[in-house]
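To start, the structure under review is shown below, and the notes come after it.
The values are calculated or read from the model by the stated rules, or taken from the named source; none is laboratory data. Since the structure is predicted, the reported quantities are computational estimates derived from the model, not experimental observations. Cβ: placed from backbone, ideal geometry, glycine included. Neighbour counts: every protein chain shown.
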Amino acid sequence: MSLAFREPEEETGRTEHGPLRLEAHASGIALVWFDDPARKVNLLDSESLTALRRVLDALRQRSDHAYPRALILLSGKDQQFIAGADVAEFDRLTSPEEAEAKSREAQQLFEEFSLLPYPTVAAINGPCLGGGTELALAMRYRLASNARKVAIGLPEVQLGILPGFGGTQRLPRLIGLLPSLDLLLTGRSLDSRRAYRVGLVDAVLPHERFSERAIQWTEALLQDPRGVKRRGPPLGLRVIEAIAPLRTAVLAQARRRVLQQTHGHYPAPLEIIGVLRTTWGASSADGLKVEREAVARLLFTPESKNLRRIFTLREEAKRRPETPLARNVGHVAVMGAGTMGGEIAYLFSSRGARVRLRDLKPDPLLRSLSHARSLFEREVSRGRLTKAEMEQALGRIEPVFDLSGLKRIDLVLEAVVEDLPVKQALFRELEAQVPDGCVFATNTSSLSVRAMSKGLRVPGRVVGMHFFNPATRMPLVEVIRTDLSDPTAVQTVIALARRLGKTPVLVADAPGFLVNRVLMPYLSEAVALVERGQPVRAVDHALRDFGMPVGPLELLDEIGLDVARKVAHVLNDSFGNRLSQITLIDRLVAAGELGRKTGLGFYGYEGGRRKGVNPAIESGTPEEGPLAPQQIANRLLDTMVNEAALALEEHVVARPEDVDLAMVFGTGFPPFRGGLLRFADAVGIGPIVERLARRQQEGAPAGPCGRLQQMALSGRSFYKD
């Protein structure tokens, strides 16, 4: 028996199939299938919520008491449950009042599902996030597949909001306050095993024939309701939650930790703590009211708007449909088994590619293989891989010393020493060893990709594929095209970056590309401030207070002062004297003080931990007197905005959005500010131009570029909205 929803034919004149389908199983169990035909994933939006309401009405209209005996919510998509709410709908809300009304409707709908007089089960076979998790929490039971793609969580905090469909109320009641705080404040998700361990799901079933197994589990539940053992919070946690002073202390500690980590820049985690404090022990109706009022407030904060913009940009970059030009890459050769080359080989292997990892010496190869094994072992410990799968993945990495065996290679990526003649010679040698369609990718951070293709029979096969360190964690990949690049090669690299789970940004072949070009004036100005007597810690603290994950001088130590020096000189050679001089870095490099890797840079390091400032760097009396944190931040950020405007003018990237995406995911520019150019629009182009012009009069190497000056005169901004 099948009950498919359709509009009355006398009203519409046609049959309409929505994203939900209601079926009656032979055992009397109602099956609700969520399968949106218009999307690759299921999302909760106005249409699907309306369809859920129709499902509920249809179930209530049944007069046969034998049906339904239970209800199971399933996904019709393979290893995809409900990926969350449609973020685009948030931007169509016009006021907090409208947002609160929408939240109230969804809360009421989910509450009605939770009150159905028979067992309700969510059968989770893939990503179950945000509103999907809130809907699952409204069911009496939750089952999870053991598929690797299962991820259950409430990531709303990463969008600057909090769960608004009942999540802040149901999750703590189910798994306890402390585990809920961890999930709500971080937005992290749990795999099936961890979800079962904390009591978020009631059983984990094999992913093979998962829907059938979910039905069988529910039939067994109907026969013996006592057979399911609910895993509530441990006794110790229940005691803490029950004693008001202890509960208050837990929430106060969570607030202190949030403030320490965010410097108060993100209102959503603080609002979450406030909601939990206010609603603990309150009635469901009162708790839901506080929740929806909070989410309505947060939706219209600048921080949430900016975080949602960055989320949308990243999703567009990662999920843009591939063009027919992109070739499949199954066999890869990585030239150079240094830290970067080894991690890139791991990434390729983890996505199923066969990798020939070549180096001239055995030690780098052994270190890379050992590092790859440790990365795979971490995945095994997290339940994302079996030991057999780990061994298979390691077996896909073949260490070699020569250039043989490249006749089936689809792509070669070089990660050798940052020296143009060396890279040119390698590519010329490789061209005779690989098939005609093989793409040459270079991981260079600053050298000309076009120059690298010089002397090749097919120069169009060379494309930049610039990973950021560490390659396993940094989400950005700059894809660098030259005027000679074959579109097929470019699209192949873009598709490959997405396959690796990275966010690709297409960049023209120009000195420093985009990220390093925009970042280096910022770093150079930080060094110049120290040379003029500003304290090292004061400079770093000013930018961390602004929201950067680390200060500029801390970042230089992480990058390596020798690497930064090389990039700075490449850019100086290209742009003249536009950058502040970095004689202090030259001096430190000459002394062998290269940053964390040598134990001394701007800071000293012991056992890998940062200690005090390098005593050889004397601050003395600042030439301009001590600068306020805002003055320091302005100095550095203005130079970045100026360089980004020049990069746009020179068509290094096509849009301001590309700049913002690259700076957030390539440098850690605070996403709550929406990216570098969103931030520039917010503070005003005019004040930035005035400060840059004043600094030039005081002796800075460059003033505001022509584009910024024109924008200031005409009152224009980078974005139209």
Of (1) within 16 Å of Val41 (Cα to Cα); (2) in contact with a Pro (Cβ under 8 Å, 6 or more places away or on another chain), Arg140 satisfies every one except (1)
Of Ala249, Ala220, Ala244, Ala203, the only residue that is of a type outside the set (D, E, K, R), exposed (fewer than 15 other Cβ atoms within 10 Å of the Cβ) and touching a helix residue (DSSP H, G or I) at 6+ places or on another chain (Cβ under 8 Å) is Ala220
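Being surrounded by 24 or more Cβ atoms within 10 Å (Cβ to Cβ), more than 23 Å from the chain's Cα centre (by Cα) and without any contact (Cβ under 8 Å) to a residue 60 or more places away in the chain is the requirement here; does Asp557 meet it?
Values: surrounded by 24 or more Cβ atoms within 10 Å (Cβ to Cβ): yes; more than 23 Å from the chain's Cα centre (by Cα): yes; without any contact (Cβ under 8 Å) to a residue 60 or more places away in the chain: yes.
The answer is yes for Asp557.
Identify, please: which residue in the range 685-699 is without any contact (Cβ under 8 Å) to a residue 24 or more places away in the chain and farther than 19 Å from Val518 by Cα and is, among those, surrounded by the fewest Cβ atoms within 10 Å (Cβ to Cβ)?
So in the range 685-699, the residues without any contact (Cβ under 8 Å) to a residue 24 or more places away in the chain come out as 687, 689-690, 693-694, 696-699.
Subset that is farther than 19 Å from Val518 by Cα: 687, 690, 694, 697-699.
Working: Pro687: 13, Glu690: 14, Arg694: 11, Gln697: 8, Glu698: 8, Gly699: 6.
Among them, the one singled out is Gly699.
What do you reckon, is Leu677 touching a helix residue (DSSP H, G or I) at 6+ places or on another chain (Cβ under 8 Å), within 23 Å of Pro302 (Cβ to Cβ) and touching a residue at least 60 places away in the same chain (Cβ under 8 Å)? Spell out the reasoning first.
Numbers: touching a helix residue (DSSP H, G or I) at 6+ places or on another chain (Cβ under 8 Å): yes; within 23 Å of Pro302 (Cβ to Cβ): yes; touching a residue at least 60 places away in the same chain (Cβ under 8 Å): no.
Against the criterion (touching a helix residue (DSSP H, G or I) at 6+ places or on another chain (Cβ under 8 Å), within 23 Å of Pro302 (Cβ to Cβ) and touching a residue at least 60 places away in the same chain (Cβ under 8 Å)), Leu677 does not qualify.
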Log entry, pairs with first residue in the range 700-714 being over 20 Å from Arg578 (Cα atoms), second being crowded, with 19+ Cβ neighbours inside 10 Å, beta carbons closer than 6 Å, six or more apart or on different chains, reads Met711/Ile685; Ala712/Ile685; Ala712/Val689
Residue pairs within 7 Å by beta carbon, gap of at least six or interchain, first lying in the range 401-422 and farther than 14 Å from Thr444 by Cβ, second part of a loop (DSSP other than H, G, I, E, B) and of a type in the set (Gly, Ala, Ser), listed first then second, are Asp410/Gly330
Exception for Arg499 within (1) among the basic types (Lys, Arg); (2) surrounded by fewer than 18 Cβ atoms within 10 Å (Cβ to Cβ); (3) at pLDDT 95 or above falls at (3)
Note on Ala526: of the conditions (1) closer than 19 Å to Gly668 by Cβ; (2) surrounded by fewer than 23 Cβ atoms within 10 Å (Cβ to Cβ), unmet is (2)
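Would you pick out the residues in the range 132-162 that are of a type in the set (Val, Ile, Thr) and out of contact with any Leu (no Cβ under 8 Å at 6 or more places or on another chain)? Talk me through it step by step, then tell me what you get.
Within the range 132-162, the first condition is being of a type in the set (Val, Ile, Thr), and the residues that meet it are 133, 150, 152, 157, 161.
If the condition is that a residue be of a type in the set (Val, Ile, Thr) and out of contact with any Leu (no Cβ under 8 Å at 6 or more places or on another chain), then Val150 is the only one that fits.
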Quick check, is Ala564 of a type in the set (Gly, Ala, Ser), buried (at least 21 other Cβ atoms within 10 Å of the Cβ) and closer than 30 Å to Val416 by Cα?
yes
Checked against (1) assigned to a helix (DSSP H, G or I); (2) without any contact (Cβ under 8 Å) to a residue 24 or more places away in the chain, Glu208 satisfies every condition except (1)
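What do you reckon, is Ala214 without any contact (Cβ under 8 Å) to a residue 24 or more places away in the chain and in a helix (DSSP H, G or I)? It would help to see each step written out before you state the result.
Details: without any contact (Cβ under 8 Å) to a residue 24 or more places away in the chain: no; in a helix (DSSP H, G or I): yes.
So Ala214 fails the test.
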Apart from one, (1) hydrophobic (A, V, I, L, M, F, W, C); (2) at pLDDT 95 or above; (3) more than 20 Å from Arg673 (Cα to Cα); (4) not in a strand (DSSP E or B) all hold for Leu506; the odd one out is (4)
In the range 620-659, residues that are closer than 17 Å to Gly551 by Cα and assigned to a loop (DSSP other than H, G, I, E, B) total 2
For the range 417-466, the count of residues that are among the hydrophobic types (A, V, I, L, M, F, W, C), within 20 Å of Leu325 (Cα to Cα) and crowded, with 17+ Cβ neighbours inside 10 Å equals 8
Leu369 passes all but one of the listed conditions (1) touching a His at 6+ places or on another chain (Cβ under 6 Å); (2) assigned to a helix (DSSP H, G or I); the exception is number (1)
For the range 571-590, the count of residues that are in a helix (DSSP H, G or I) and touching a Pro at 6+ places or on another chain (Cβ under 6 Å) equals 2
Taking the conditions exactly as written (crowded, with 21+ Cβ neighbours inside 10 Å, hydrophobic (A, V, I, L, M, F, W, C), assigned by TED's automatic domain parsing to the domain that holds Cys705 and within 28 Å of the chain's Cα centre (by Cα)), does Ala633 satisfy them or not? no
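For the range 678-711, how many residues meet the condition of being of a type in the set (Gly, Ala, Ser) and either assigned to a helix (DSSP H, G or I) or not assigned by TED's automatic domain parsing to the domain that holds Glu643 (or both)?
5
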Given the conditions (1) part of a loop (DSSP other than H, G, I, E, B); (2) in contact with a strand residue (DSSP E or B) (Cβ under 8 Å, 6 or more places away or on another chain); (3) surrounded by fewer than 19 Cβ atoms within 10 Å (Cβ to Cβ); (4) without any contact (Cβ under 8 Å) to a residue 40 or more places away in the chain, every one holds for Glu593 apart from (3)
